[in-house]
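Single-structure report; data block below.
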Amino acid sequence: MTHSLPRHIAVIDIGKTNAKVVLIDSGTRQQLAAEGMPNLVRREEPYPHADVERLWSFISGCLKRLHAAHGIEGISITTHGATGALLSETGLVLPILDYESDAPTASEEAYDRVRPAFSETLSPRLPNGLNWGAQLFWQSRAFPEDFGEVRAIVPYPQYWAWRLTGVLASEVTSLGCHTDLWSPDSGDFSSMVDELGWRHLFPPIRPAASIIGTLLPAIAAETGLPQDTPVTCGIHDSNASLLPHLGRRETPFTIISTGTWSILMSVGGDTGALDPARDSLANVDANGNPVPTARFMGGREFDALVPEIVEPSAADIAHVIAHDIQALPSFTPGTGPFPGKKGRWTCDPERLTPGQRNAAASLYLALTARACLDLCTIGRPIIIEGPLARNRLVGAALARLTGVPVHASGDATGTSLGASLLFGGSLPAAEGSLAFAPLDVPGLDAYIENWRQRVEN
């Protein structure tokens, strides 16, 4: 069955911190409407896990309201990575583990003996459950009877596609997201998947940009949507941000996808400088190609650094630079390019004005992003997607730090816009007018050098 390009596409976009449903007009690529809610973790037995029923109630209600108001002709899906579902014929066998839970560390010694080398997977060993393979390994040993009932292991976007359509699939952008389960160079499951006897549990791989199916009758009745509404297979959220740019720019170019994480992906970049000890890895794009990637928890860290978000004035920025007021990594231990460092300020942040604190925190994000680029290649240009695209100081500082053009995406929700393209179509002409002028403030060079020396020492 073939489908024409739907005009109104509802994007289910589940980030680690917030979930939303966004309605995109495929003709203009503009948001017609959006609803969001916090994505809360259920901290109860048997382990911290995703509250999928609360999420489903939200998603279903959004689809019903958006369809009544505007009409929905297609549904696309994008979610955060390092997450998946264990399914039997009737549903979830075990709750969907929260990747920030330390539960998988109980079996980490045994897991480290079976996980493949970085050279095979380009997937570094990450803390807690950030390697999806570590989650599966722990669940298989902590709950052997339950794991024995598993008939399908599906990545998180495909879990929601299954709930909507009843169709099972796997997809490479989620399988290739530091899971230890995928070998980007061979385009196949890693050796560990076969050694542990899991291959048969993964459904057939489908392209992210394919129609997985149409709505189950019960879902159509619940939401009021037509039963023949098409649903895409779905995509990992950082790769959704990347999708609009594939094939449209000369390589190498860097996309910075922002939200809870700041993820720097350099299409056409070199994987040779990736360092598994510094939170750099290869993602796999929607076409199955390795993309050198470095990352840090930029959104999470910024929230920790600034109690009140305000735009810093020129005077705030000048004060911070003149007085060498700095935030130093890392405020989320075990992640980012400086995972062994403990975050600290060079002054008492409580004595700073909100504007000064925001200025220092924004410079911190830009300097950390620049360190990430040493690992994954500096593209030309650099495009910032998501909430951080609105932070003008980060963009200006990064333009100064890299010496290449830095642009803000015109869309504040790069993941939702990208996911809408899974149905096909194209974007309007790009964002030349949104280029950041490089930051030019007296004392900036000394400020940068001081930051780097403090980090290295």
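Every read-out reported here was derived from the displayed coordinates using simple, explicitly stated rules and does not represent laboratory data. This structure is a prediction, so every number in the text was calculated from the model and none was measured. Every residue, glycine as well, gets a Cβ built from its backbone with ideal geometry; the counts of neighbours run over all protein chains shown.
A few remarks follow.
- Percent antiparallel among DSSP beta bridges (both partners in the chain, rounded to 5): 75
- Between region 27-49 and region 95-134, the C-alpha centres lie 24 angstrom from each other.
- Here the Kirkwood formula, the inverse mean of 1/r across different C-alpha pairs, assigns the chain a hydrodynamic radius of 22.5 Å.
- All lysines inside 30 Å of K341 as judged from Cα atoms, apart from same-chain residues fewer than 8 positions distant: K16
- With neighbours defined as other Cβ atoms within 10 Å of a residue's Cβ, the residues K342, K16, K64 order from fewest to most as K342, K64, K16.
- Shape parameters for region 239-456, alpha-carbon atoms, Rg then Dmax in Å: 16.7, 51
- Stretchable slack from E53 to L5, in nm (0.36 nm times residue separation minus alpha-carbon distance): 14.3 nm
- The alpha carbon centroids of region 336-357 and region 224-248 are separated by 37 Å.
- Largest first and in whole Å, the equivalent-ellipsoid semi-axes of region 373-423 read 22, 14, 8, each the square root of five times a Cα gyration tensor eigenvalue.
- Burial ordering of S186, S330, fewest other beta-carbon atoms within 10 Å first: S186, S330
- Binned Cα-Cα distances of region 8-233, short to long, each 10 Å bin given as a whole percent: 8, 33, 35, 19, 6, 0
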